Amino acid sequence: MRLARLGSMHQSRLSFMRILTRRMACENWKFSRTAFDMDEKGIGRAIYRVDCPQRTYSLVAFSHDLPDEMRSDRVIAEAWDATFALLDGVPDETDVERLEANVPLQEAGRYSERELVVSRANRSSRLWEHVAAALAAGMQPDAEQLNAVGYLMRTTAVYGSGKFGAVDYACVRERPEFAAPFQAEMLIVYLIRAFVLDLVEHVARCRGGKQAVPLNRDTARKLGIGNATGLGMAPFIVNHAALFNNWIAAREEAIRRVRSVPTATEAELALFFDRLQRSEVMVREWCSGHPVQRSKVERLQLDLQLIKARIEDCPIGEHCPWDRLVEWSEAALSEEGQECLTSLILEPYGTIVDELSERMADPDDGDFRIDGSMSLAETCRLLRGHYGWALEIDWTVPEETARAWYISEEKLEPRLGERHEEDIAEFEQPLSPGRDAARAYADLERWSPGEQVAAFLLKHPEHRHVIRRVQVCRTAPYAEIHDNTISASMLPIDMLRAKLSFFGATHFDPKSDRWVRIRMYAGAPYPGELDPGNCEDWIYPEVVA
Amino acid sequence: MSRSLYEVETIAWKAARGAGYPWGIAEEAASAMRWLAGRGIDGCPQLASLLERTDGSNLDDWSPDPGEIWSAPGGALCPLLAGAALSDHARRLQQCPLEFGRLASPVLFLPFAGWAAARIGASLQVSWSGGSSFTDGVRLALQVDLGQEFDGMLVAVSGEMPEARVGAGRAFPDSRAWDRLGGFARRVHAPASETSRRFGAGAVDGIDDD
């Protein structure tokens, strides 16, 4: 599992957004807007209610008057256009007052066990005004401008799992709707998207009166919610090694199952071909100003053509067709193309793939107890197996340790510094498993292989964190990124891309080597429109004749 | 104030590291505090006291020397270092009890006894002068408040598992202890500088123009 490959991953049937829309449609979740108290500028509060089979949740939204100069995607921002909480149950007036005093403050607020997720969003200044003005004037907004941005608001943080006092994931994980990872976070974003559409139409109505028109439904559906993701997310996949392993393992198992399918039916082939063609549309609309991503997208366009040509040249109905196609892709396509293809082949096989979503959470919540009775011979064998790449790196070369991950005092934002140029080494976070494994190995080699981990750690507590990771790898083979996470050439956006692809994000648009903008739910049916017939393929745009 | 277990875990992780413990021991401190909080025990006052005592000292002085009685060269054992040693050496308990010498902040030792119990699939009794506690890894029976320091502790396999404490989904840490831990936790944060503010997170001017 190399960074370049992680940085080429695509959404699939196992993405968390798609797991949620599938469940919402199949269980016929009910949505209603129970409050919408906004003034003519769109400032006020709204409540959206969601009824799933056993429980009710509510989005409580606050819309603010934010001066343009305060609009920032950075975590260090202190005010936003809109702020949100996802509440367990239905809020009464006391709850709303409590939330009103805290949610607009985001990280500076306090939350209770009633709150599942807290989030905020900013308007796209490019698009919001254009859409509001057009609708107010009785016109539809310009399609080109809509496509270029893709969303009216973008979230800049989505906080769940016990942050700032909100409920711990462990307290709700037994609920079927939250069994897969990040489902509450995906739910709040889905509801925010509905709120944003309501809000822009409200503002247009207030401005234009009778002249105003609603946004065309097909146009509205293309709009997603944007998201700006920075370095804060990158350490996640290192810090949650067992969880990340489960995501990759589920995806790998899905690919293995589909590659084992002996023959593909006409219907399965047709569905694959449909998604392939619609992927072409998605990739054509995927604009990025980042030179690395731009060339990857250009190559992906070519790769999709190569896949089509391959299928036309060698009809693939029989003899493990998907296995042969994937094998061919390993030499014929870029990593971006290979990863796109492996996601695409899962599409016709919901019956054998979708159940794997139940294995993607980490039942131990990251807690892993070291087995002190493991021999050092076995420990070294595991370490060589999972960190052999790190043992080959010369860690005395400055470029190999050029970076250091640290947390800034300022709003506790994770940052990446230049170790050899700034005084940050003493604040370094344990986010370089490769270097640390190499250090541990150097000491392990001085011990007798017959000794046990318990004795080694008593003398070397400084290696405890890495010995834990080594042992995690015994049952979690995808727990570790096999790349140097502190080298001068490392691209943090690769780590962001991996996680965001599992969310189900599209249109990755890196803005530097360390932060990226994406779209979420672009194409998704809105609450009330979702049904079992459209809950799967919404992520693939329709081919326009 | 009510806190999530995640918050308890996080402050313990940072505070232990801030006080100079290796990352792996800081991870143990985090898990231990969460384990206690999940059983309705506020470990914050004892963790804060421990970190104040060990801060700036040589941790080897607080680490157990294996022997008939596992004790610390410096006088008192650190419950995180001794606890980690206990859970790492859990299988020895299948042969004989393990005895530990003078121990600081003893409540922090109990989660490790729990993990040792889970490792060998048995209940363990942790005894000290004037009291004892039982755990099978999931459940914890503890009826008394533990003091700041014990003269010694004996950990032994037990057939008993008395009525356990009720589980808790929220923590109610002592606010003064929380603030003391916060002081240690802040040490892991790098002071903000204009360079790090502008470039550390990858920002450049004009990023929010659309």
Verdict on A:Arg71 being under 22 Å from A:Leu356 (Cα atoms) and crowded, with 17+ Cβ neighbours inside 10 Å: no
Hits in the stretch A:320-354 (condition: touching a residue at least 12 places away in the same chain (Cβ under 8 Å) and acidic (Asp, Glu)): A:Asp323, A:Glu335, A:Glu336, A:Glu339, A:Glu347, A:Asp354
Near pairs, Cβ below 7 angstrom, 6+ apart or cross-chain, from the stretch A:365-388 (farther than 11 Å from A:Gln471 by Cα and more than 10 Å from chain B (Cβ to nearest Cβ)) to any residue that is open to solvent by less than 50 Å² (accessible area, probe 1.4 Å) and hydrophobic (A, V, I, L, M, F, W, C): A:Leu376/A:Leu444; A:Leu376/A:Val453; A:Leu376/A:Phe456; A:Tyr387/A:Ala437
Residue identified as in a loop (DSSP other than H, G, I, E, B), among the hydrophobic types (A, V, I, L, M, F, W, C) and not assigned by TED's automatic domain parsing to the domain that holds A:Leu191 among A:Val543, A:Val466: A:Val543
Elements of type helices (runs of 4 or more DSSP H) in the stretch A:229-304, at least 1 residues being closer than 19 Å to A:Val544 by Cβ and in contact (Cβ under 8 Å) with a residue 24 or more places away in the chain: A:266-284
Residue list for the stretch A:327-336, filter: under 13 Å from A:Leu304 (Cα atoms) and in a helix (DSSP H, G or I): A:Ser329, A:Ala332, A:Glu335, A:Glu336
Subset of the stretch B:152-195 [hydroxyl-bearing (Ser, Thr, Tyr), in contact (Cβ under 8 Å) with a residue 12 or more places away in the chain and open to solvent by 40 Å² or more (accessible area, probe 1.4 Å)]: B:Ser175
Some residue of the stretch A:467-482 being buried (at least 24 other Cβ atoms within 10 Å of the Cβ), within 25 Å of B:Asp61 (Cα to Cα) and in contact with a helix residue (DSSP H, G or I) (Cβ under 8 Å, 6 or more places away or on another chain): yes
Qualifying residue in the stretch A:209-227 (condition: within 14 Å of chain B (Cβ to nearest Cβ), out of contact with any helix residue (DSSP H, G or I) (no Cβ under 6 Å at 6 or more places or on another chain) and surrounded by fewer than 20 Cβ atoms within 10 Å (Cβ to Cβ)): no
Candidates A:Glu339, A:Glu358, filtered to the one that is surrounded by fewer than 17 Cβ atoms within 10 Å (Cβ to Cβ), assigned to a helix (DSSP H, G or I) and on the phi < 0 side of the Ramachandran plot: A:Glu358
Only one of A:Ala454, A:Ala440 that is open to solvent by less than 20 Å² (accessible area, probe 1.4 Å), more than 8 Å from every other protein chain (Cβ to nearest Cβ) and not in a loop (DSSP other than H, G, I, E, B): A:Ala440
Among the residues listed as A:Leu416, A:Leu412, the single one being outside any helix (DSSP H, G or I), at the interface with chain B (Cβ under 8 Å from one of its Cβ atoms) and crowded, with 21+ Cβ neighbours inside 10 Å: A:Leu416
Considering residues of the stretch A:105-134 that are assigned to a helix (DSSP H, G or I) and either surrounded by 17 or more Cβ atoms within 10 Å (Cβ to Cβ) or touching a Leu at 6+ places or on another chain (Cβ under 9 Å) (or both) only, the residue farthest from the other protein chains (Cβ to nearest Cβ): A:Ala134
Count of the stretch B:144-195 residues which are away from chain A (no Cβ under 11 Å), among the aliphatic types (A, V, I, L, M) and part of a loop (DSSP other than H, G, I, E, B): 5
Residues of the stretch B:73-97 satisfying the condition of being within 12 Å of chain A (Cβ to nearest Cβ) and not in a helix (DSSP H, G or I): B:Cys78, B:His89
Output for the stretch A:370-400, where each listed residue is in contact with a helix residue (DSSP H, G or I) (Cβ under 6 Å, 6 or more places away or on another chain), more than 15 Å from A:Glu451 (Cβ to Cβ) and not in a helix (DSSP H, G or I): A:Ile393, A:Trp395
Yes/no for A:Tyr169 being within 17 Å of A:His507 (Cβ to Cβ) and either open to solvent by less than 10 Å² (accessible area, probe 1.4 Å) or touching a residue at least 60 places away in the same chain (Cβ under 8 Å) (or both): no
Hits in the stretch B:30-52 (condition: charged (D, E, K, R) and crowded, with 23+ Cβ neighbours inside 10 Å): B:Arg34
Considering residues of the stretch A:74-104 that are β-branched (Val, Ile, Thr) and not in a strand (DSSP E or B) only, the residue surrounded by the fewest Cβ atoms within 10 Å (Cβ to Cβ): A:Thr94
Qualifying residue in the stretch A:523-536 (condition: open to solvent by 40 Å² or more (accessible area, probe 1.4 Å) and either closer than 30 Å to B:Arg92 by Cα or basic (Lys, Arg) (or both)): no
Residue in the stretch A:244-260 that is closer than 30 Å to A:Arg71 by Cα and either open to solvent by 10 Å² or more (accessible area, probe 1.4 Å) or out of contact with any helix residue (DSSP H, G or I) (no Cβ under 8 Å at 6 or more places or on another chain) (or both) present: no
Any hit, the stretch A:426-434, residues being out of contact with any Pro (no Cβ under 8 Å at 6 or more places or on another chain) and without any contact (Cβ under 8 Å) to a residue 24 or more places away in the chain: yes
Residues (outside any loop (DSSP other than H, G, I, E, B) and open to solvent by 30 Å² or more (accessible area, probe 1.4 Å)) located in the stretch A:57-68: A:Asp68
Per-region count, the stretch A:135-158, residues surrounded by fewer than 18 Cβ atoms within 10 Å (Cβ to Cβ), in contact (Cβ under 8 Å) with a residue 60 or more places away in the chain and either assigned to a loop (DSSP other than H, G, I, E, B) or within 14 Å of chain B (Cβ to nearest Cβ) (or both): 6
Restricting the stretch B:17-29 to residues that are part of a helix (DSSP H, G or I), open to solvent by 10 Å² or more (accessible area, probe 1.4 Å) and of a type outside the set (Lys, Arg), the residue that is nearest to A:Ala440 (Cα to Cα): B:Trp23
Answer residue from the stretch A:419-437, given it is open to solvent by 60 Å² or more (accessible area, probe 1.4 Å) and in a loop (DSSP other than H, G, I, E, B) and is farthest from the other protein chains (Cβ to nearest Cβ) among those: A:His420
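The values are calculated or read from the model by the stated rules, or taken from the named source; none is laboratory data. Since this is a predicted model, take the numbers as computed values, not measurements. Cβ: placed from backbone, ideal geometry, glycine included. Neighbour counts: every protein chain shown. The protein model used for the area step is the full one, side chains on, heavy atoms only, and it has no ligands, DNA or RNA in it. Shrake-Rupley method; radii C 1.70, N 1.55, O 1.52, S 1.80 Å.
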